[in-house]
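Okay, structure first, notes after.
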Amino acid sequence: MLLRNGLEPWHLVVVTLVAMLVFGSKRLPDAARSLGTSLRILKSEARALKQESAPHPPREPGGSEPPAA
């Protein structure tokens, strides 16, 4: 039952302190910025993949929509 309660606020404090000890306070903003950029790229790629694989609704024959060029 290790993960029964999930994350608690003091877990985040411990993780922050360990990160400060490992990376140092000068490199943390750069690491956070690069992590944010990576997450933003991942999110946009996942959104594009969903749009690609989404089924298009069938068009009715003789509809008023012009053919796609």
Worksheet item: So Gly24 fits all but one of (1) at pLDDT 90 or above; (2) open to solvent by less than 70 Å² (accessible area, probe 1.4 Å); what number is the exception?
Response: (1)
Practice prompt. Could you list all residues from segment 11-53 that are in a helix (DSSP H, G or I) and polar (S, T, N, Q)?
Written response: Thr16, Ser34, Thr37, Ser38, Ser44, Gln51, Ser53
Worksheet, complete the sentence: Going through segment 1-17 in order, the residues found to be at pLDDT below 90 and open to solvent by less than 80 Å² (accessible area, probe 1.4 Å) are Gly6, Glu8, His11, Thr16
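The values are calculated or read from the model by the stated rules, or taken from the named source; none is laboratory data. The model shown is predicted, which means the values in this text are computed figures rather than measured ones. Heads up: the accessible areas ignore ligands, DNA and RNA and are worked out on the full protein's heavy atoms, side chains in. Shrake-Rupley method; radii C 1.70, N 1.55, O 1.52, S 1.80 Å.
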